[in-house]
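Worksheet: one structure, shown below.
Readers should treat all values here as calculations from the given coordinates under stated rules, not as data from a laboratory. Predicted model, so just to flag it, every value in this text is computed and none were measured. Every residue, glycine among them, receives a Cβ derived from its backbone with ideal geometry; neighbour counts consider all protein chains shown.
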Amino acid sequence: MKECHIADNPLPDNQSSIILAGNPNVGKSVIFQHLTGHYVTVSNYPGTTVDITTGTMEVGGKSYQVIDTPGTLSLIPRSEDERVTRDVIMSHIPWCIIQVGDCKNPRRTLDLTLQLLEMGHPLILVLNMGDEAQERGIIPNPKALSEILRIPVIPTVAVTGQGIPALKKLLVNPYVPCTSCFYSPDIEQAIKNISSLLPETLASKRRISVKLLSGDASVKSLFPDVFTQSLSLNIDQIVDALQEHYSRPLDLILMEERLEHVESLTNKTWTFPHHKTTTWNDTLSRWTLHPFWGMVTALMVLYLMYLFVGSFAAGTLVDFFENTLFGKYITPFVTYWVKHLVPGEFIQQLLVGEYGLFTMAITYALGLILPIVTAFFLFFGILEDSGYLPRLAVTMDRIFRKMGLNGKAVLPMVLGLGCDTMATLTTRILETKKERVITTILLTLAIPCSAQLGVILGMLGGISGWGTLIWLFILISSMILVGYLSSRILPGENSSFILEIPPFRMPQISNLLIKTLVRLEWYLKEAVPMFALATFLLFILHWFGILENIERLSEPLVSSLLGLPKETAEAFLIGFLRRDYGAAGLYNIAQKGLMTHKQILVSLVTITLFVPCVAQFLVNIKERGLKAALYISLFVLIFAFMAGGLLNLLLTWLPIPL
Amino acid sequence: MKTNPNPNNNENPSDNDIKNLYSEHRFEHRIDHGLCLIWHELERGNTQADPIKEKMIEAIDTRVFDELTRSGLILEENNLLEFTETGKTIAADIVRRRRLAERLFEDVLEIPKGEVESRANEFEHLIDRHVEESICILLGHPRECPHGFAIPPGKCCADKEDQLESIVASLDHFEPGESGRVTYIITRNHPQLHKLMSLGIVPGTLIHVHQVYPSFVIKVEETQLALEQKVAENIYLRRL
């Protein structure tokens with residue numbers, strides 16, 4: 001290891017982005033919030049910030065774009081979100097990179113710091129979560145660290161804003177750090193040799209050289225113009241020559257040497273306590289991870305969710321909103337004025353008729369769905385921010401393994417109970433393509449979203465407990481069966497389950513509220529236009545008498561196979577646009593007393609398993625490709641009707657009191 | 001893999017015992033060395049006879065290849081080399097002892113990396129079946145040598161009924177509440193290894209085991225991690 005000269009060159013003033021990088025779960029998003037004043041989702045589950053969030057901030061009278069990247073452990077990516085981070089960092093020439101690190105975990109933090117240093121961009125190291133570290137007696141020495149690494153190091157407690165002003169001040173004048181050369185001499189020489197082959201124009205030549213030595217050829221695709229065949233050949237020669245000296249793969253050697261350096265850095269700049277203290281946090285953590293009590297906790301959490309979302313929101317709140325607020329006051333008021341002010345029956349019917357945009361779409365979106373979805377996102381936010389989700393992942397790991405997934409799939413699955421569309425987007429945190437495809441299939445098939453759940457649970461409440469049990473049983477067994485089969489049929493690998501479990505944290509109310517609002521905004525933007533469109537289509541079909549024809553055409557399917565009244569065809573038809581809307585259609589039919597208990601159960605099973613809503617279908621296309629999305633939808637459609645038909649047959653034969 | 005050291009290097013003049021032993025069994029040692037070399041080439045998929053022959057001439061001498069063929073230990077067909085049934089059994093045994101010795105030197109005796117290989121070569125000839133089993137149990141039935149090549153399993157690995165308490169064991173043999181220091185991680189699954197390393201699980205790291213079911217829950221530094229059984233099997237720890 002040798003020291004090298006210091007190079008504090010101020011950068012030319014043409015870079016206008018500030019990149020935030022760091023390990024998962026270190027409070028990056030909170031720092032982002034402090035810098036930009038804008039909100040992003042701050043979460044406790046590793047890898048939740050899948051999409052890149054950007055905001056702007058003023059530094060020294062100039063406006064900069066702040067980019068928040070998904071948490072990453074290393075610049076050699078393993079999952080899609082880590083790849084996103086790598087690509088952002090490798091392809092930008094930023095004004096400055098801010099690395100946010102966890103004070104409690106110096107080794108992981110410094111490992112990334114060393115990799116970022118190799119980029120040759122200005123770098124500021126933020127040591128966050130100083131409060132949690134202090135609680136455990138872990139004390140960093142930022143000054144010493146700053147002197148060794150020759151970069152600014154700032155301790156912060158992001159949740160209280162401590163240290164943020166100092167960070168902002170440093171952003172005015174960032175400087176390029178000196179490159180520390182800590183690899184063995186022969187490796188350093190190879191790095192130099194490769195760097196000298198790379199063109200001057202390329203930023204972070206050292207980092208690219210190290211990556212090439214590590215056998216990460218994907219950097220070549222980031223700069224296709226640079227890596228001509230002859231250059232690649234020359235580089236390969238250097239790499240091969242170096243590999244000759246080592247018995248094990250070079251990437252491991254490089255990593256080991258870097259970690260050795262990290263170890264010595266840590267020993268110089270961190271103090272650890274001699275005795276471990278057990279906090280209430282640890283005790284609670286043990287409980288929620290326990291094989292038995294962990295399961296009990298999981299069931300309790302699900303039950304609480306049911307009480308809050310299914311019972312309180314979908315029952316009490318919806319009753320108030322739909323029947324009292326809309327039913328007694330708003331709807332009669334609007335209907336009165338529309339009938340008086342708007343000429344022509346067509347437009348009147350379009351707005352406030354049986355399939356009216358206001359009476360059906362708006363009432364439904366705001367009176368029925370909004371309370372349920374709000375309650376769900378609030379509850380999910382608490383689960384996320386408290387750090388419970390990774391613990392649920394541990395508890396569910398073995399069950400998910402039967403479906404070709406592992407515990408990590410808990411996040412999209414639970415989020416799917418809120419909104420399957422949003423959940424499909426988060427499948428990106430899964431490491432292999434196979435897992436992402438299986439999760440998408442299961443989300444499409446068997447996970448009802450909260451809007452749908454609210455309606456369905458309301459209807460199930462009307463029939464006996466057996467009905468709910470049968471419905472739940474069919475859903476879970478379909479999920480396990482389809483998961484199991486697709487894990488056998490689909491090619492590709494499963495990733496291994498390695499998951500960080502962060503400490504429990506008290507969710508912050510302001511954070512929770514803003515997060516829920518952002519999700520609601522997103523949801524309403526997705527959902528309301530879809531409601532309006534669906535209602536409009538229904539209205540047109542009804543107005544011109546086409547609806548009756550469709551009902552007649554689909555009668556064999558609906559009446560013969562499922563044994564349902566022909567009116568339900570209409571519900572399934574709108575189910576193509578939104579499943580919950582379809583479920584609401586069934587709800588209306590049931591309320592009119594047109595369905596027996598058996599028919600209610602069959603229709604509910606079918607609509608739960610039914611095709612994805614249009615928004616989810618679009619996201620399926622975006623994430624999985626058109627062909628896969630079509631296949632999934634077709635499979636799900638057939639499966640739903642088969643399951644419904646089978647249940648219809650069974651219920652006809654078996655004397656089950658419903 | 002570095003080429004196997006020349007047997008002449010093994011004649012350490014300062015160590016008379018070994019030297020005597022060595023000359024007594026000189027012939028046997030050359031055969032052993034030859035079998036090891038072929039094993040190593042074959043496990044890497046190099047089955048062409050000619051390059052192997054050349055390597056043997058360079059590393060040992062010109063006769064050993066023919067001797068191996070004559071003794072009915074190896075077969076050459078269409079310039080493709082393979083072991084006979086007997087040859088394979090004997091070679092597996094020698095390779096196993098040599099690689100176990102390497103593990104012992106590196107993990108427990110902590111002999112500097114550069115010296116491990118040559119010393120292991122000397123040591124392998126001194127181990128009888130009983131000692132070999134004891135070492136294997138002591139090391140927790142390791143599956144790979146320090147260079148990442150498979151150690152052929154012995155009888156004791158299949159039985160797994162250990163009379164001795166092992167010093168080194170894979171994480172899946174630990175109980176909740178126990179601690180250990182990482183000695184090595186099996187390297188066959190590359191991305192997994194990277195992930196473990198960047199989470200701070202590297203040789204020397206102290207690991208506390210909190211829970212073993214339904215998943216392994218361990219504490220590394222201030223981080224709690226959950227791992228599945230298959231990952232735990234690849235992390236070897238020295239008991240504390």
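Between A:S16 and A:E260, the modelled label-to-label distance comes to 4.6 nm, taking each label 7 Å out from Cα in the direction of the beta carbon. Evaluated at q = 0.11, 0.13 Å⁻¹, the base-10 log of the normalised Debye intensity for region A:291-653, with identical point scatterers placed on the Cα atoms, takes the values -0.77, -1.07.
Label sites at A:R552 and A:I656, each approximated as a point 7 angstrom past Cα along Cα to Cβ, lie 3.5 nm apart.
In terms of the ratio Rg/(2.2 N^0.38 Å) built on C-alpha atoms, what value belongs to the protein assembly as shown? All intermediate terms of the calculation are to be shown ahead of the outcome.
Working: Rg = 32.7 Å, N = 898, 2.2 N^0.38 = 29.2 Å.
Against the empirical 2.2 N^0.38 Å value, I get 1.12 for the protein assembly as shown.
Rank by packing, highest mean first: peptides B:204-214, A:606-616, with packing defined as the count of other Cβ atoms within 10 Å averaged across residues.
Those peptides, ordered most packed to least, come out A:606-616, B:204-214.
A Förster radius of 30 Å combined with the Cβ-Cβ distance from A:T278 to A:N141 puts the calculated FRET efficiency at roughly 0.70. Which part of region A:169-211 falls in the paramagnetic zone of A:T228, meaning amide N under 15 Å from the point 7 Å along Cα-to-beta-carbon? Counting backbone N atoms under 15 Å from the label point, the list is A:197-201. Helical content of chain A, expressed as a calculated mean residue ellipticity at 222 nm, amounts to -17500 deg cm²/dmol (DSSP H runs of 4 or more residues, -39,500 (n - 2.57) each, divided by residue number, nearest 500). Label point of B:K230 set 7 angstrom out along Cα-Cβ; within region B:123-161, no amide nitrogen lies under 12 Å from it. Counting only other chain Cβ atoms within 10 Å of each residue's Cβ, the peptide B:199-206 averages 5. Extension gain, A:F346-A:R248: 0.36 nm per intervening residue step, less the Cα-Cα distance, totals 27.5 nm.
Ranked by the mean number of other Cβ atoms within 10 Å per residue, highest first, peptides A:120-129, B:78-87, A:261-270 order as A:120-129, A:261-270, B:78-87.
Of all lysines in the structure, those lying under 21 Å Cα to Cα from A:K622, and not within fewer than 8 positions of it along the same chain, are A:K433, A:K434, A:K525. Efficiency by 1/(1 + (r/R0)^6): what FRET value for A:R488 and A:L524, r their Cβ-Cβ distance, R0 = 25 Å, to the nearest 0.05? Calculated value: 0.05.
Mind running the shape call on region B:31-151? Use the C-alpha gyration tensor, a ≥ b ≥ c as the square roots of the eigenvalues: rounded below 1.5 for a/c, prolate if a/b tops b/c, oblate otherwise. Numbers along the way, then the final one.
Details: a/c = 2.09, a/b = 1.84, b/c = 1.14.
Prolate, because a/c is 1.5 or more and a/b exceeds b/c.
By other beta-carbon atoms within 10 Å, ranking A:S495, B:S71 with the fewest at the front produces B:S71, A:S495. The base-10 log of I(q)/I(0) for region B:52-108, evaluated at q = 0.20 Å⁻¹, reads -0.84 [Debye formula, identical scatterers on Cα atoms, solvent excluded]. Around the Cα centre of the protein assembly as shown, unit charges on the Cβ atoms of Lys, Arg, Asp and Glu (plus for the first two, minus for the last two) sum to a dipole of about 2600 debye.
Projecting the Cα positions of A:L475, A:Q599, A:P529 onto the charge dipole of region A:291-653 (unit charges on Cβ atoms of Lys, Arg, Asp and Glu, taken about the Cα centre) puts A:L475 furthest along the positive direction. Each of the peptides A:210-219, A:329-338, A:92-101 was scored by the mean count of other Cβ atoms within 10 Å over its residues; in descending order, highest first, they stand as A:92-101, A:210-219, A:329-338.
In the calculated pair distance distribution of region B:168-239, what percentage of Cα-Cα distances lie above 20 Å? Counting pairs separated by more than 20 Å, the tail of P(r) holds 14 percent.
Overall shape of region A:185-271 was characterised from the C-alpha gyration tensor. The equivalent ellipsoid obtained from it has semi-axes of 26, 16, 11 Å, in decreasing order. Seen from a random direction on average, the alpha-carbon convex hull of region A:17-170 projects onto 8.3 square nanometres.
Loop-resident chymotrypsin sites (Phe, Trp or Tyr not before Pro) (DSSP state other than H, G, I, E or B) in region A:501-601 with no more than 15 further Cβ atoms inside 10 Å of their Cβ: A:F544. Per-residue mean of foreign Cβ neighbours for A:93-106 is 1 (Cβ atoms of other chains, 10 Å radius).
Enumerate by residue number the GluC sites (Glu not before Pro) in region A:131-238 meeting two conditions: DSSP loop (anything except H, G, I, E, B), and at most 16 other Cβ atoms within 10 Å of the site's Cβ.
Filter output for region A:131-238: A:E200.
Cα extents for region A:526-658 along the principal axes, largest to smallest and rounded to whole angstrom: 46, 35, 24. Take the Cβ atoms of B:L126 and A:N267, set R0 to 35 Å, and the FRET efficiency comes out at 0.35.
If both residues of a DSSP beta bridge must be in chain A, then about 40% of such bridges are antiparallel. Note on B:209-222: average number of Cβ atoms from other chains within 10 Å of each residue's Cβ is 6.
Full extension of the chain between A:Q591 and A:R83 gives 177.8 nm of extra length, using 0.36 nm per residue less the Cα-Cα distance. Taking other C-beta atoms within 10 Å as the exposure proxy, A:C419, B:C145 rank B:C145, A:C419 from fewest upward. When a/c reaches 1.5 or more, the comparison of a/b and b/c decides; with that in mind, is region A:444-505 rounded, prolate or oblate per its Cα gyration tensor? Here region A:444-505 falls in the oblate category.
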